[in-house]
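A.B. asks: Quick one: the structure is below, questions incoming.
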Amino acid sequence: NNFLEFKYNSSIKNNLTDINYENLITEFKINNLVTSFEYLNQNNSSSNSDSFLTNKTDLLIDDSNSFSFSTRKNKTIDLTEYYNLAYQYKNDCLSASIEYNKEYYSDKDIRPNESLLFKLKIIPFNRNENLNF
């Protein structure tokens, strides 16, 4: 339907019992609010296993203005990796945004990082497309 969307990808190992890769994406759309959740589980080997839960929420104010919030949690080590908050203005040829990003780390050598960014992007007027005749 128009409000709810599910996507699921998986990969099973050769023994047909162990799951090598799982990716589940759920997206909710209600009026101007779009929220998506993504669960990713990777079991490439017995010693290498990663699991993540990501959330992204967009509030579309009108055709040109929007707010977005995203976060990701590492389920393997139970650690929130980042928070991102942004306001974006976009028209035909220009995109401007103010973004606040905070990254967390569990490593003793790498410290958490906070940044406030002002971004300007010039959007091209034309797009190159390959036409197949």
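The values are calculated or read from the model by the stated rules, or taken from the named source; none is laboratory data. All values reported here derive from a predicted model rather than from experimental measurement. Reconstructed Cβ throughout: ideal geometry from the backbone, glycine too, with neighbour counts over all protein chains shown. Please note that ligands, DNA and RNA were not included when accessible areas were found on the heavy atoms of the full protein model with its side chains. Shrake-Rupley method; radii C 1.70, N 1.55, O 1.52, S 1.80 Å.
A.B. asks: With θ taken as phi - 60° and the coefficients 6.51, -1.76 and 1.60, list the Karplus ³J(HN,Hα) couplings across region 32-41 in order, rounded to whole Hz; mark glycine and proline as x.
C.D. replies: Result, rounded to whole Hz: 9, 10, 10, 10, 10, 10, 10, 10, 10, 10.
A.B. asks: Give the lysines reachable from Lys73 as a straight Cα distance under 28 Å; neighbours fewer than 8 places away on the same chain don't count.
C.D. replies: Those lysines meeting the cut-off are Lys7, Lys13, Lys29, Lys56, Lys102, Lys108, Lys119.
A.B. asks: Give the distance, in whole Å, between the Cα centre of region 80-116 and the Cα centre of region 5-61.
C.D. replies: Region 80-116 and region 5-61 have Cα centres separated by 22 Å.
A.B. asks: Let me ask something else about it. With a 1.4 Å probe and all protein chains in place, put Glu114, Glu38, Glu81 in order of accessible area, largest first. Please list the in-between numbers first.
C.D. replies: Numbers: Glu114 110, Glu38 65, Glu81 40 Å².
Order by accessible area, largest first: Glu114, Glu38, Glu81.
A.B. asks: Residue by residue through region 71-78, which ³J(HN,Hα) values in whole Hz follow from phi under the Karplus form 6.51 cos²θ - 1.76 cosθ + 1.60 (θ = phi - 60°), with glycine and proline marked x?
C.D. replies: Result, rounded to whole Hz: 8, 9, 10, 7, 6, 5, 10, 6.
A.B. asks: Considering amide H positions built from the backbone, and no H for Pro or chain starts, which residues 5 or more places from Lys75, or on another chain, come under 5 Å of its amide H?
C.D. replies: Distant-sequence amide H within range of Lys75: Ser51, Phe52, Leu53.
A.B. asks: Would you kindly state the longest site-free stretch of the chain, with sites defined as trypsin sites (Lys or Arg not before Pro) in a DSSP loop (not H, G, I, E, B) surrounded by at most 15 other Cβ atoms within 10 Å? Walk me through the intermediate numbers first.
C.D. replies: Values: sites that count: Lys13, Lys75, Lys108, Arg127.
So the longest stretch without any such site is 14-74.
A.B. asks: Then there's this: What is the gain in length, in nm to one decimal, between Tyr104 and Leu59 on full extension, counting 0.36 nm per residue of separation less the C-alpha to C-alpha distance? Could you put the intermediate results ahead of the total?
C.D. replies: Numbers: separation 45, 0.36 × 45 = 16.20 nm, distance 2.48 nm.
Contour length minus the Cα-Cα distance gives 13.7 nm.
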